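Notes follow the structure.
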Amino acid sequence: METILQLENLTKQYKNFTLGALTLAVPCGSIVGLVGENGAGKTTTIKLILNHIRRDGGKVEVFGLDNLTHEAEIKDRIGVVLGESNFHEHFTAKNINSILKNIYSKWDSDTFFSYLARFDVPADKKLKDMSKGMKVKLSIAAALSHAPELLILDEATSGLDPVVRSEILDIFLEFIQDEHKSILFSSHITGDLEKIADYIAFLHKGKLIFSKSKDDILYGYGIAKCGEAEFNSLDKSDILAYRKGKFGYEALLGDAKLAHAKYSGLCIDRPTIEEIMTLYVRGTRQ
């Protein structure tokens, strides 16, 4: 499958944290959800892609182009929404339109103001007087208004109420109907990713634990909730991680179908992405 974004052995070293070596692909026409606990390396990865910080090793290719050599061309073709607005607090949406139409080669003012109307964002209000949710919607409108081929989103739906979040997610799904476009979406709201993502990449302490299709994760893994005797009867090679609580054990199983056949009396639930993360990060790993 053709990829729109490719990371190969990407590394970044800090005093108390190391990212990588990270290899990850974002296929064309897909949404890849990037998940992990705080400090896992999600924002560092996005900053490396955008060349906000310099990598120590590996490579980043966007549209088949090196992100250092072809930075200006790449940034003209991508839309970015970060967790906090990067526009000056005294700007209005009209000010932002006036600036960005001179930066992006395909900027469309009509599209921008259409999104503002759709999101109920006033064009004359200064950012300092806007709520966090309104600033996020403004950033999303700007990211979508220059015909981007790739969206890079870091907590793009945080601060939005459920109704608006649902509308934004629908817009992201509309965006990838063009199979030449893709989204890399880092979010703590794993329920949003379960709704729209095609693939999930899970980072933990700077390492990629897995990058799999969402269906393979949600239907392939299982969570066994059982007492101590049942837990002790499990083949430990079937358990990826487990946690003991007040009322028994929770065990993350790598192959739910095999476990159903192997342990006929065991209660095995389909996990959420959040449950998988929590058990892996906070539980005991085999």
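The values are calculated or read from the model by the stated rules, or taken from the named source; none is laboratory data. Everything numeric here is computed off the predicted structure, so don't read it as measured data. So basically every Cβ, Gly included, is an ideal-geometry build from the backbone, and we count neighbours across all protein chains shown. SASA here: full protein model, heavy atoms, side chains in, ligands and nucleic acids out. Shrake-Rupley method; radii C 1.70, N 1.55, O 1.52, S 1.80 Å.
Below, the figures for the structure above:
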quantity	calculated
Odd one out for Phe247 among (1) modelled with pLDDT of 90 or more; (2) exposed (fewer than 11 other Cβ atoms within 10 Å of the Cβ); (3) not charged (D, E, K, R)	(1)
Unmet criterion (only one of (1) modelled with pLDDT of 95 or more; (2) under 26 Å from Thr278 (Cβ atoms)) for Asn16	(1)
Number of positions in region 188-207 that are open to solvent by 20 Å² or more (accessible area, probe 1.4 Å), within 12 Å of the chain's Cα centre (by Cα), over 17 Å from Ile46 (Cβ atoms) and not acidic (Asp, Glu)	1
Wholly within region 208-286, strands (runs of 3 or more DSSP E) carrying at least 1 residues that are of a type in the set (Gly, Ala, Ser) and over 31 Å from the mean Cα position of the chain (by Cα)	248-253
Failed item in (1) open to solvent by less than 50 Å² (accessible area, probe 1.4 Å); (2) among the hydrophobic types (A, V, I, L, M, F, W, C); (3) in contact with a Ser or Thr (Cβ under 8 Å, 6 or more places away or on another chain); (4) under 23 Å from Ile209 (Cβ atoms), with Leu82 passing the rest	(4)
Residue within region 7-26 that is closer than 28 Å to Gln177 by Cα and assigned to a loop (DSSP other than H, G, I, E, B) present	no
Condition broken by Ser166, with the remaining ones in (1) modelled with pLDDT of 95 or more; (2) open to solvent by 30 Å² or more (accessible area, probe 1.4 Å); (3) outside any loop (DSSP other than H, G, I, E, B) satisfied	(1)
Criterion (of a type in the set (S, T, N, Q) and under 18 Å from Ile152 (Cα atoms)) met by exactly one of Asn86, Asn102, Asn97	Asn86
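Residue by residue, here is whether (1) farther than 23 Å from Ser182 by Cα; (2) of a type in the set (Phe, Trp, Tyr); (3) in contact with a strand residue (DSSP E or B) (Cβ under 9 Å, 6 or more places away or on another chain) holds:
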site	(1), (2), (3)
Leu68	no, no, yes
Gly79	no, no, yes
Ser85	no, no, no
His90	yes, no, no
Ile96	yes, no, no
Tyr104	no, yes, no
Trp107	no, yes, no
